[in-house]
Amino acid sequence: MMTIIVTGGAGFIGGNFIHYYLSAHPEDRVICVDKLTYAGNLSTLAPVMDNPNFRFCKLDICDREGVFALFEEEKPDAVINFAAESHVDRSIENPEIFLQTNIIGTATMMDACRAFGNVRYHQVSTDEVYGDLPLDRPDLFFTETTPIHTSSPYSSSKAGADLLVQAYQRTYGLPITISRCSNNYGPYHFPEKLIPLMIANCLNNKPLPVYGEGLNVRDWLYVEDHCKAIDLILHKGRIGEVYNVGGHNEMRNIDIVKLIIHELGKDESLITYVTDRKGHDLRYAIDPTKIHEELGWFPETKFQDGIKKTIKWYLENRQWWEEIISGEYQNYYEKMYGNR
Ligand code: NAD
Ligand code: TDX
């Protein structure tokens with residue numbers, strides 16, 4: 001039996017991971033550490049709150065005293081660090097909190113791992129640390145040896161954290177792994193991000209704000225496939241290694257938006273082209289050969305099925321996202337999109 005600390009578990013991917021992990025490993029104990037920022041929702045964890053093998057702990061990963069006290073109490077066998085400020089647009093408006101949570105928070109969690117017996121540590125990173133690829137070179141993909149070359153304060157903070165994780169292994173022998181995943185989609189995705197934002201706006205008959213010409217390409221992966229990859233890396237990955245995780249499922253933003261419109265029976269006249277994101281990455285595309293060959297991982301959910309499941313989830317769980325978009329989110333939306 002293992003005790004694992006999952007940080008950021010009230011967010012999108014961490015929440016999905018906790019649901020997945022508790023059902024895949026019913027013998028293990030999961031402790032969720034989450035600060036409950038604007039992106040954290042306890043309602044995401046409601047289905048597991050009564051599970052005797054689950055504990056929720058409201059805590060900032062930068063709170064050294066609090067983190068050390070929790071380690072002292074729980075003696076975890078492993079840490080999976082999902083907690084982060086995760087939205088590129090917010091990082092362009094205000095980089096500071098990204099440096100704090102994504103870099104200092106990572107260091108704090110790893111310091112606790114060192115202090116309590118070299119605890120196994122997994123860092124959830126992103127393909128954005130590799131920068132972007134040109135649109136006219138479909139033959140190019142990110143591999144684990146692609147140089148780090150970031151574009152936004154968000155991706156730079158994630159890259160800074162990755163370098164620190166590798167340094168902790170080299171310097172202190174901390175048993176680490178890193179996964180760098182492409183864009184996720186699925187249930188519990190916060191509605192500031194492309195897919196849930198377009199679903200929510202469509203359902204509310206609001207304009208669909210497409211940045212630039214909508215030609216940027218992202219490589220979409222169903223969130224459960226990402227969760228399975230992290231589970232495999234935690235249990236079978238080679239210590240010190242980076243694993244790219246992605247679906248070979250590249251789509252242009254505009255095609256995603258049109259697909260959502262058609263699935264929901266709405267009209268393309270809802271599309272509104274708005275000012276582009278500053279420094280907007282053109283294309284992300286992962287080469288997942290390493291995790292496939294070493295750990296046998298491959299994406300199980302096809303995009304056509306995953307997007308239908310996702311839309312169905314948003315239709316059946318309106319309360320979850322309507323509560324989010326009715327609060328402080330309104331001010332965010334007005335600031336980001338009001339005069340765009
Ligand atoms: P999210 O924004 O939905 O959730 C982040 C969670 O972290 C929230 O619950 C929030 O309350 C918590 N958090 C933030 N700051 C914290 C702090 N200081 N202490 C404790 N908790 C804190 O993010 P997500 O989309 O679920 O992303 C999770 C991780 O996966 C991030 O590290 C992100 O960089 C990475 N990632 C995301 C994607 C994607 O497509 N969403 C793709 C690749 C990698
Ligand atoms: O309103 C929008 N209109 C639009 O055209 C929004 C919110 C986004 N976009 C575009 C920008 C991107 O090209 O859609 C694409 C996807 O945007 P996001 O959902 O913000 O995701 P992205 O910037 O690609 O980053 C995501 O994937 C990598 C996650 O948010 C990161 O946390 C992860 O590391």
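Being free of Cβ contacts under 8 Å to residues at least 12 places away in the same chain, within 21 Å of Y185 (Cα to Cα) and either within 16 Å of ligand 2 (Cβ to nearest atom) or among the hydrophobic types (A, V, I, L, M, F, W, C) (or both), is that true of even one residue in segment 23-37? No, that holds for no residue. Figure legend. Inter-residue proximity from segment 321-340: first residues under 16 Å from F12 (Cα atoms), second residues in a helix (DSSP H, G or I), beta-carbon distance below 8 Å, spacing 6+ or different chains. Indicated pairs: W321/P196; W321/A200; W321/Y314; E323/S43; I325/A200; I325/Y333.
Return the only residue of L264, L234 being more than 17 Å from the chain's Cα centre (by Cα), hydrophobic (A, V, I, L, M, F, W, C) and away from ligand 2 (no atom under 14 Å from the Cβ).
Going through L264, L234 in turn, the sole match is L264.
Can you name every residue in segment 69-87 that is within 20 Å of M2 (Cβ to Cβ) and more than 8 Å from ligand 1 (Cβ to nearest atom)? Break it down into steps so the answer makes sense when it comes.
At the first step, the residues of segment 69-87 found to be within 20 Å of M2 (Cβ to Cβ) are 70-83.
If the condition is that a residue be within 20 Å of M2 (Cβ to Cβ) and more than 8 Å from ligand 1 (Cβ to nearest atom), then L70, F71, E72, E73, E74, K75, P76, D77, A78, V79, I80 are the ones that fit.
Does R90 count as under 17 Å from the mean Cα position of the chain (by Cα), within 22 Å of H248 (Cβ to Cβ) and either surrounded by fewer than 21 Cβ atoms within 10 Å (Cβ to Cβ) or among the basic types (K, R) (or both)? Against the criterion (under 17 Å from the mean Cα position of the chain (by Cα), within 22 Å of H248 (Cβ to Cβ) and either surrounded by fewer than 21 Cβ atoms within 10 Å (Cβ to Cβ) or among the basic types (K, R) (or both)), R90 does not qualify. When I286, I291, I256 are checked against the criterion of being aliphatic (A, V, I, L, M) and over 20 Å from F12 (Cβ atoms), a single residue qualifies: I291. If I ask for residues that are part of a loop (DSSP other than H, G, I, E, B) and either touching a residue at least 60 places away in the same chain (Cβ under 8 Å) or near ligand 2 (Cβ under 10 Å from one of its atoms) (or both), which ones from segment 83-117 would you list? Result: A83, A84, E85, S86, H87, P95. Of the residues making up segment 139-161, those that are without any contact (Cβ under 8 Å) to a residue 40 or more places away in the chain, surrounded by fewer than 21 Cβ atoms within 10 Å (Cβ to Cβ) and not hydroxyl-bearing (S, T, Y) are D139, P147, I148, H149.
Taking the options N205, N244, N216, name whichever one is modelled with pLDDT of 95 or more, within 17 Å of the chain's Cα centre (by Cα) and of a type in the set (S, T, N, Q).
One residue alone meets the criteria, N244.
When the strands (runs of 3 or more DSSP E) confined to segment 171-232 are screened for residues that are within 15 Å of ligand 1 (Cβ to nearest atom), those reaching at least 3 such residues are found at 176-181, 183-185, 217-222. The single condition from (1) of a type in the set (K, R); (2) under 20 Å from the mean Cα position of the chain (by Cα); (3) surrounded by fewer than 18 Cβ atoms within 10 Å (Cβ to Cβ) that R283 fails is (3). A single entry from G246, G237 fulfils the requirement of being in contact with a strand residue (DSSP E or B) (Cβ under 6 Å, 6 or more places away or on another chain), of a type outside the set (V, I, T) and within 16 Å of ligand 1 (Cβ to nearest atom): G246. Residues of segment 259-280 that are without any contact (Cβ under 8 Å) to a residue 12 or more places away in the chain and either over 23 Å from L203 (Cα atoms) or surrounded by 14 or more Cβ atoms within 10 Å (Cβ to Cβ) (or both): none at all.
The values are calculated or read from the model by the stated rules, or taken from the named source; none is laboratory data. This one's a predicted model, so the numbers in the text were calculated from it and none came from an experiment. A quick note on method: Cβ atoms are made from the backbone with ideal geometry, for glycine too, and the neighbour counts reach across all protein chains shown.
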